[in-house]
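Each remark here refers to the structure printed beneath this line.
The values are calculated or read from the model by the stated rules, or taken from the named source; none is laboratory data. Quick caveat: nothing in here was measured; it's all calculated off a predicted structure. Cβ coordinates were reconstructed from backbone atoms using ideal geometry, including for glycine residues, and neighbour counts include every protein chain displayed.
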Amino acid sequence: MMCFRWFLISALSFLFLFAGGLPPAQAQARTDGQSYVLGIKAYQDGLWDLAAQQFEQYLAKYPEGPLAPQAHFLQAEALFQKKQYQSAVAIYRNFVQQFKDSRLLDKVLYRLGICNHKLGNYPAAEEAYQRLLDEFPKSAFEQSVRLGLAEALYAQAEYTAAYENYLYIIKQFPLHPNKDMVLYGVAISSYKLADYNKAVDFFTQLMAQFP
């Protein structure tokens, strides 16, 4: 009898400590939240499949939980890293609809633009890029987004709008990390618009700056 009583007390003490002294419901919530923690660890280790799976499990249990925005975002990011752009788009779009006030919204719009661009859905890419520029004019992604927008417009044969965006980059970001692409873009857009003098001028600048 003493052995059984000692075993029972020890077992209850272990369970109490394991749950952090929490009531059953809160202890279960903490255990369920391990999916999020495992997702973070897997993401940091570059295990994209496992990360996406763990975040999905967390969201299945807590679709409106306090960590839901981050879980949605990181699930999409894991899919983005795997180049599963179609699947990532669905989650990014869901994020935009559900978490309109999130501090991550500009990056989500940026990723949404990139994914659609890579999928060849240029109107959707244009929409995401333009919304980011309209709603977050001081975003850290502005330089990249402006180039993405110009490229998406050019791909749709909207040469005037593409030219204007390429030219904006040249004026506002003279040290743009992809200036060679920008100069080529503004030159070829000028050519498409039959403004051959400008096309020659920009092609000349391109060859001079990037021999």
Discussion item. G113 - would you say it is crowded, with 18+ Cβ neighbours inside 10 Å, under 16 Å from the mean Cα position of the chain (by Cα) and either modelled with pLDDT of 95 or more or not charged (D, E, K, R) (or both)?
Written reply: yes
Worksheet item: Quick check: anything in the stretch 117-130 farther than 23 Å from P174 by Cα, assigned to a loop (DSSP other than H, G, I, E, B) and either in contact (Cβ under 8 Å) with a residue 40 or more places away in the chain or of a type outside the set (G, A, S) (or both)?
Response: yes
Worksheet entry | Number of the condition not met by A199 [criteria: (1) surrounded by 16 or more Cβ atoms within 10 Å (Cβ to Cβ); (2) within 21 Å of R93 (Cα to Cα)] | (2)
Item to complete: For the stretch 127-138, indicate whether the set of residues that are within 22 Å of the chain's Cα centre (by Cα) and farther than 29 Å from K83 by Cβ is non-empty.
Response: yes
Worksheet item: From V186, V145, V200, which residue is under 17 Å from R111 (Cβ atoms) and aliphatic (A, V, I, L, M)?
Response: V145
Practice prompt. Would you check which residues across the stretch 163-197 are in a helix (DSSP H, G or I) and within 20 Å of P137 (Cβ to Cβ) and list them?
Written response: E164, N165, Y166, L167, Y168, I169, I170, K171, Q172, V182
Response to the item:
Taking the stretch 141-162 and the residues there that are over 26 Å from the mean Cα position of the chain (by Cα) and assigned to a helix (DSSP H, G or I), the one that is surrounded by the most Cβ atoms within 10 Å (Cβ to Cβ) would be Y159
Item to complete: Enumerate the helices (runs of 4 or more DSSP H) found wholly within the stretch 30-104, keeping only those where 3 or more residues are without any contact (Cβ under 8 Å) to a residue 24 or more places away in the chain, among the polar types (S, T, N, Q) and in contact with a Gly (Cβ under 9 Å, 6 or more places away or on another chain).
Response: 48-61
Item to complete: Kindly indicate whether A90 is farther than 24 Å from Y168 by Cβ, surrounded by fewer than 18 Cβ atoms within 10 Å (Cβ to Cβ) and at pLDDT 95 or above.
Response: yes
